Every structure is written in C-alpha cells, then in structure tokens.
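Notes to accompany the following structure.
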Amino acid sequence: MGKKIKLGPGFLITAAFIGPGTVTSASFAGASFGFYLLWVVIISGALAFVLQEMAGRFSLEQGEDLSQALMKTTGSELANIAFTSVAVFAIVLGAAAYEAGNITGAYIGLDGFYHIGKLWAFIVSAIAIFFLWKGKYKAIESFLMGLVGLMSLSFLVTAIKAGPGTFEMIRGLVPSFPKGSKSIATALLGTTVVPYNLFLYSSVVLKGWKRGEKREMRKDLGISISLGVVITASIIVTSAAAFFVQGIKINSAATMAIQLKPLLGSSAKNAFCIGLFAAGLSSAITAPYAAAWLLRGVLRLKENSLSFRVISSVIVLFGLSSVFFPVNPLQLIILAQIANALILPIIVVFLGYTILKKSFSLFQATLVSIALILVLLIVFSKLFHL
C-alpha cells in the first residue's frame, strides 16, 4: 500500500483565495465574456502553485518564514526597514481591503436566506473574531477546510446543472483578450495569486511539514490549488450559462444570486448563497490571520499573543466598518483584486531575491523569473492598454 498523503496547510490557501473576490471576479468574467477567460484561471493557478511552493520550500529549508526573513533581506539595516515598511504596508492594507469584501460577501449570502440586511455583517464579524481569538491553528484549519468543501459542492453542482458545451469550454482555454476584458483578467489574477498568502503559507507550512517532507508539501499544495482552480472555473461556467448566454448584465450582488433561479430552478439561489457565505466567512478569518502572522514575524510578536489577536481583530473591524460606506460593494471587490495584482510584482521580486540569495537551484530561480515575467506582462497590459 502506498504512503498516505497528508493534507492540511495547503487548504488554508484555497480558503484564502476563494473568497467574494473570486466569486465576484469570476461571475463578472462569465457574465461579460462567457468562457473566454477560463485560460486566465489556469495560468493564475499555475502561477499560484509556483510561488506558494517557493514560499513553502524556503521555510522548510531555512527553518523560518518569510516575515522573519523580511528584516534580513539586505545587508543594510536602513534598507531593510524601508523595504519591510513598504511590504508590510502593502500586504496589511491589501488584507484590510479584502476583509471588507469578505464580510460583504458573507452577509449577502446569509441575507439571501433571511433578510436582516447589514446586521448579518456584525454576526459574520463576531464569528471571525471568535475563531481568531480561539488561537488554535488546528481548529481554524479544520473549520476552513469544511467551508471549502461546502463551497466546492455548491459551485460544482451549479456548474454541472448549467451543462456547458465542450467546444465553448475548449475555446475558453485558448489565450485571448476580448475587448474590455483586461480589467477582469487582472482581477482574476489578483484574486488567485494573493500576496499575503505567500506569507501565510510560509508560516503555516512549518506547522504541517518537516524539512524532509517537501515532496508531500507539494502534493498537498497541488491538490489544494487545483481544487481552487476548479471552483473558480465552475463559477465562470455557471455565470456564463446564466448571464452571458441570456444577455443579462450583473449590476448588484443580488443579481448574481437571483438571476440564477430562472435557469437552474429554486435550488440555484440557495446553492449560490451558501457558496457566497462560505467564501466570505472563510476568507474573513484567513485574511486578518495572515496579516497578523506577517506582523508577528516582523515585530517579533508571540504567536496568539494579545497583540497578535488585537491586530487580526482590528482588520476584521476595518472590514466591518467599510461595509457601511456608500460604495458599490461589487466595484470595491473588483478594484481590490486589481490592486492586489499590482502589488504582486513587488512580492515576487522579494521572493525571487530571497531564493537567489539563499543559493537555491537554477531551476528554482528560473521558475521565479518566469513567474515574474508573466505577472509583469499581465499587469503592464492593463496599465498601458497593450
């Protein structure tokens, strides 16, 4: 009998990047461009695997996570402080912005079952803070894995009911940029390859794996990210069938759920709402957890200390307060994903430099370079309308 594959830390990454940002970006991609942007999901998933594997390998080889290594990037203390400040600001700000979308997505999902409006946002925030203050990694991990499983079932069942055509699916795997699609393509990249996930995984991988278990770590990561890619693709398929084919435009979060009902019957709305709630709550826990982990290494805080818990709770509260701003939540979520993609090259450069500095193999350095080039090409295509 073969060796049993141990799974665990990688599913935190799936729970982190499959949030309302993914639901919204993938829904807009399907509704506006049909299956034409499926290839972006595949490329983004491959890029996520490469970068997350680098982060995990670094931690297992060096015995420290990326946040701890952040203060030792260069030989100059002043340069280290400057670079650390920029990286921390970018990642923490991104996590806080994400949190607004996470809480919004979760409460919209719950509101589809029982309408009490933004009161759900307080309940979601309280649940997130409860798990963060529990401070037990295994409890958080098990809870998130359960939500990811629930989310997968919801979107997969909906996509199967939609019955996409084989030719259309294959055509969507051929790289192309339909007119007006670059913003959504960039958002899909930003919601799949999340900068703070690199720091989160580099930390939790030390809890799940030992130095000699790099192969097992890659299997865990590959299965987890593949699941995330399947979920994202399922959302695009569902949205393409429900909206693009029917010529319906998404103009609100309610539309994403309600407009599935004529196509898939009474179960469609419930399935979508369950998935949106699961995506929102899982990411609402993971985003502040990741930001706290980053600051833990930089500020040398103790794991699950009072400061650690306060930092994560403040980010949750920031997200809660943003729910009440007079801003279209869907627009805010999309812009957050685009901003995330623009931040990504900075983090990739840091990761690549760290790997080269620690004398990793030429193969590893080449993969980092390829990843950086892919990111820059997509980002620059958005910035300069290439």
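Protection proxy ranking of 216-223, 331-338, by the mean of other Cβ atoms within 10 Å over each peptide's residues and highest first, is 331-338, 216-223.
The HN-Hα couplings worked out from phi for the stretch 37-51 by the Karplus form 6.51 cos²θ - 1.76 cosθ + 1.60 (θ = phi - 60°) are 9, 4, 4, 5, 5, 5, 4, 5, x, 5, 5, 4, 4, 4, 5 Hz, whole numbers, x standing for Gly and Pro. Which net charge results for the neighbourhood of Phe244, defined as the other residues with beta-carbon distances under 14 angstrom from its beta-carbon, given Lys and Arg at +1 and Asp and Glu at -1? Counting the neighbours of Phe244, the net charge comes to +1.
When peptides 111-121, 240-250, 169-179 are ranked by their average number of other Cβ atoms within 10 Å per residue, the highest-first order is 240-250, 111-121, 169-179. From least to most packed, judged by other beta carbons within 10 angstrom and beginning with the fewest, Ser59, Ser283, Ser27, Ser322 follow the order Ser322, Ser59, Ser27, Ser283. Counting other Cβ atoms within 10 Å as a rough exposure proxy, the listed residues Val40, Val230, Val316, Val92 run Val230, Val92, Val316, Val40 from fewest neighbours to most.
Since every read-out is calculated from the coordinates, none of them should be taken as a lab result. Because the structure is a prediction, the values reported are computed rather than measured. So basically every Cβ, Gly included, is an ideal-geometry build from the backbone, and we count neighbours across all protein chains shown.
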